[in-house]
Amino acid sequence: MSDSIPQNDPQELLASLRCEHEAGLKYVRRLESAASAISHDAFSAGAFEEIARTVRWINTSVADHLKKEENSLFSLMDLQSGGLADEIRTEHAELRIAFAQLIISIQDMERGNLRAWCIQDVVQASEHVAQLLERHIAKEERILKGLAQRIESHIGEFIGE
Ligand SMILES: [Fe+2]
Ligand SMILES: [Fe+2]
């Protein structure tokens, strides 16, 4: 394993990932709030639509984000700690399963299945996705900060030569 930082704009990559995390957290809040409205108040078509819209966004934007990290971030992370990329890879697999389960529950309701347990499935799957995503983003933000500092120090060494 080389100890050098890859040259393909690592700072730009980190900045774009952090920006996507920020957008992701906004969708996490929307998901939590819509799930909570159904859980604590009553089923409403508006809250269900909000969950369905959010999940469609997650299924495209977050899926692209995960691929981007796997294709470009993991090589940077391997420089920091060999085991960290595997940990994040496992969390990505958990997130993909959670997204798929939520989509199945939503599609069930969109087919007209509005029984109480189906609504409860959507609420629980939404809360699960929101929790996983929030924890995952918080962990990655700590990793990205460490990487940014490391990149900065390498740039400092380079300038000092
Ligand atoms: Fe990730
Ligand atoms: Fe991420």
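The values are calculated or read from the model by the stated rules, or taken from the named source; none is laboratory data. Just so we're clear, the structure is a prediction, and the values are computed from it rather than from any experiment. Here Cβ is always computed from backbone atoms with ideal geometry, including for glycine, and neighbour counts include all displayed protein chains.
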Of everything in the range 121-140 that's more than 15 Å from ligand 2 (Cβ to nearest atom) and acidic (Asp, Glu), which residue is surrounded by the fewest Cβ atoms within 10 Å (Cβ to Cβ)? Glu127
Name the single residue, out of those in the range 45-67 being surrounded by fewer than 18 Cβ atoms within 10 Å (Cβ to Cβ) and over 18 Å from the mean Cα position of the chain (by Cα), that is modelled with the lowest pLDDT. Ala45
Scope the range 111-159; condition of a type in the set (Phe, Trp, Tyr) and closer than 30 Å to Ala15 by Cβ; matching residues: Phe158
Being surrounded by 15 or more Cβ atoms within 10 Å (Cβ to Cβ) and farther than 19 Å from His136 by Cα is true for just one of Ala42, Ala34. Which residue is that? Ala34
From the residues in the range 1-38 that are closer than 11 Å to Leu76 by Cβ and hydrophobic (A, V, I, L, M, F, W, C), which one is modelled with the lowest pLDDT? Ile5
Which number in (1) buried (at least 18 other Cβ atoms within 10 Å of the Cβ); (2) at pLDDT below 90; (3) within 20 Å of Phe48 (Cβ to Cβ) marks the one condition that Leu79 misses? (3)
